[in-house]
Structures are given as C-alpha cells and as structure tokens.
1. When a footprinting reagent is the concern and you count Cβ atoms within 10 Å, what order do TYR135, TYR85, TYR93 take, fewest first?
2. Taking 8 Å as the Cα distance limit and 6 or more residues as the minimum spacing, I'd like the relative contact order of the stretch 27-106 as a percentage.
3. So if I average 1/r over every pair of distinct C-alpha atoms in the stretch 24-175 and take the inverse, what Kirkwood radius in Å does that give?
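Derivation of every value follows stated rules applied to the coordinates shown; laboratory data play no part. Not measured: the values here are computed from a predicted model. Here the Cβ is made from the backbone with ideal geometry for all residues, glycine too, and neighbour counts use every protein chain on show.
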Amino acid sequence: MAFTEGEREQYRPAGDRRDADWLIDGARSAAAPQQVLAVLCERLVAAGVPLGRPAVFVRTLQPEVAGRRFIWRQGEDVGISDLPYEGLQQPEYRDGIFLRVVETAAPVRRRLDAAPGTADSAVLAQLREQGATDYVASPLVFSDGTIHAATWATKQPGGFAEEEIAAIKAIVTAGEGGRNPRRAAGRQHLARRLCR
C-alpha cells in the first residue's frame, strides 16, 4: 500500500514509543490486516529505518492454510500469499530461518554483504541477489502464546545500524511483557485482525 504525502504525514512518527503504542493498542487505524504492515513500515521509514523488504508470517487455524505471509516493498501494495499445509514439507520452509525463529523464539540476524555464497537459505540467497545487505528475523509472540515471525531486510551499505536494530526490536516486542491489560487487549485485537 502506497501512501500519498498527506496520508504519510498522518503516520509520521514522533519516535519509537508512539509506534509501539500504536501496536500495543491493536493498530486500530489500519482497516485491513495488510495495512498493519504497510502503516508500520511507513512509520519506520519516516523515522529513518532503511527498510528494503519486511515480511510477516502469521500461522492460521484455517483447515487448508498453514499460514499467511505479508510482504512490504516501498511504493507497492503489500503482497499477501498463503502457505498450504503441504508447503510445510518443502525444503525452503524446513531448512529456512522462519522455522528456526518459530521453534526457538529467538531472533536471527544474517549479514548479507559479508562473504558471498554463504546464505543459509534460499530466501537469503534471493535477497542477497537483490542487493540486500542485512537481514533480521524476529519472533512475534501473540497473546495466546503462539509464535509467528517478522523479517526485516535492508539494502543500506553496511547493513542496519545498531539504533535501527533497536527500533525494530522495540516494535517487535511492543506487545509483549507481563500482564498489562492494555497490552493484552491490544495484542488480542491485533492477532484477530492478522489471522483473518
């Protein structure tokens, strides 16, 4: 989803806390699931985080669809694709970073501008071919305890700076943390909207 300059101003962040609060409150200004990612990415880019290709993968409870992937590219509509259950047996899924993140609930970072040919997944090899220099995969822990994943890639020379990684981490962990009723309600609202 591309924004006009007027719409972009509406979402321009005052800082990471405002973006985190927006997620904690359930991203209520985003009318559709794909808009959650679109608005969030626009906010991060406006704050100076050099995003190239963020993606979110959310597992579903649908009988024929294991999960749904949302991919953002600046100036384009968010791409949406479904993964059928058979796709879970494909090598790119079984051997990929996504599965590692979901199984361990630990983030993974891969510098793609380092030694060429060392990508440990087909996705990383593809991103490197497209000019990506850095890749971060983060667990997304929903209010029901299920673990999903978000990935963040950049083409910025030298990869993400540490403060950019910190901004991403602040967003990814915004909905986590304790028994705060506001956070719990916002996470439940956001999880329901993403899993539609």
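1. Ascending number of Cβ neighbours within 10 Å: TYR85, TYR93, TYR135.
2. Relative contact order comes out at 20 percent.
3. With all distinct Cα pairs of the stretch 24-175 included, I get 15.9 Å.
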